[in-house]
Amino acid sequence: MATRLVLDCDTGTDDAVAIMLAALHPDLDLVGVTTVNGNVPVELCTENSLRVLDHVGRPEIPVHRGAATPFAREDFPTPRSGLDRSGMHGGFLDLPPAVSSPASGGAVRFLLDRFASAADAEEDLVLVATGPLTNLALCLKEDPGFARHVRRLVVMGGGHQVVNVTPSAEFNFWADPEAARVVLRSGIDDVLLVPLDATHQALLTYQDCEALRSLGTPAGQATATMVERRIRAHDVDQSGSERGTAPVHDAVCVAVLVAPEVVTAERYYVDVETVGDLTVGRSVVDVHRRSGRGPNARVAMAADGRRFVELLLSTFAAG
Ligand code: BDR
Ligand code: CA
């Protein structure tokens, strides 16, 4: 039986690849997409998500618009596209305008209702979050029972040794640190955190893009175009990674649902800094077990990049 999931994202080039993987893999059943302010303003995230689903022939998957601003802050300069001159995400994705429309009902209502009914029905439904965690924190604020209803959560966020937006922080956690803290402290039982440490070991090259393009499918071609854009932007903006390569962070979080071996994870206590002038948004992973607190997540510190690329190629060959 296919694994059912909801994807909460800020679409964005790598979120787009995550959506395609979730919509097209035969062992996955994407039951809804919810959007959040992040890489681009939430209206664009919503339109981009619809574009992607139309493009790969899955327009029936509902897209619910979510939060337009962070959970607690009014001062944060998100979305990322306003900060980032590298062109990593641009505004609208390079796909035709969406024909389908956003679903009625906002993201928070959809998440609360869908996960409550899944819990009632003992349905396995995974939540994959690949943007700032604003929608999830709003759900927990409205109904703390949401932490029980979500039996399994996969999050792209944080960085232990690798950062990408300030000298100490990764974008998704930095963009809404209070939300990330609420989620990590919520008590959700099964949390897999996929930080930059893992995603930066799953780098795609121009050669991989050629292989994806030559599949001749809508998903293969769109992914090639988006990842090439990411590689060009990375060469401008992320001096830490090898030239001519780029991570596709968010798609790793979907890949693990069908190929858990794509990451290697260990259980740790993780929290997020919300106040430090220099460290706001930093994920703190208690690798030396100094906090005296038990683990609240599995944290992926490594990834098998070639396995990840194989999975993209085999899935997009058919779509
Ligand atoms: C994360 O930030 C966003 O720009 C990407 O979509 C990804 O979710 C990586 O730090
Ligand atoms: Ca994202």
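Just so you know, all these numbers are worked out from the coordinates, no wet-lab data involved. As the structure is a computational prediction, the values presented were derived from the model and not from experiment. Using ideal geometry, Cβ is built from the backbone for each residue, glycine included, and neighbour counts are taken over all protein chains shown.
With K and R counted +1 and D and E -1, the other residues having a Cβ less than 10 Å from that of residue 300 yield a net charge of -1.
Each of 287, 308, 252 was scored by the projection of its Cα onto the charge dipole of region 172-319, and the greatest displacement toward the positive side belongs to 287; charges sit on the C-beta of Lys, Arg, Asp and Glu. The residues neighbouring residue 178, those whose beta-carbon lies less than 13 Å from its own, together hold a net charge of -1 under the Lys/Arg +1, Asp/Glu -1 convention. A helix-only calculation puts the chain at -11000 deg cm²/dmol for mean residue ellipticity at 222 nm, using -39500 (n - 2.57) for each DSSP H run of at least four residues, averaged over all residues.
Full extension of the segment from residue 314 to residue 123, taken as 0.36 nm per residue of separation minus the current Cα-Cα distance, would add 66.0 nm. For residue 143, neighbours were defined as the other residues whose beta-carbon sits under 12 Å from its Cβ, and their charges (Lys and Arg +1, Asp and Glu -1) total +1. Within the chain, antiparallel bridges make up roughly 30 percent of the DSSP beta bridges whose residues both belong there.
Among the complete DSSP H segments of the chain, which ones combine at least 15 Å of alpha-carbon extent along their axis with a mean Kyte-Doolittle hydropathy of 0.0 or more? Helices passing the filter in the chain: 13-24, 107-120, 249-258, 305-317. Using a Förster distance of 22 angstrom, determine the FRET efficiency expected from the C-beta separation of residue 1 and residue 210, and round it to 0.05. Using R0 = 22 Å, I get an efficiency of 0.05.
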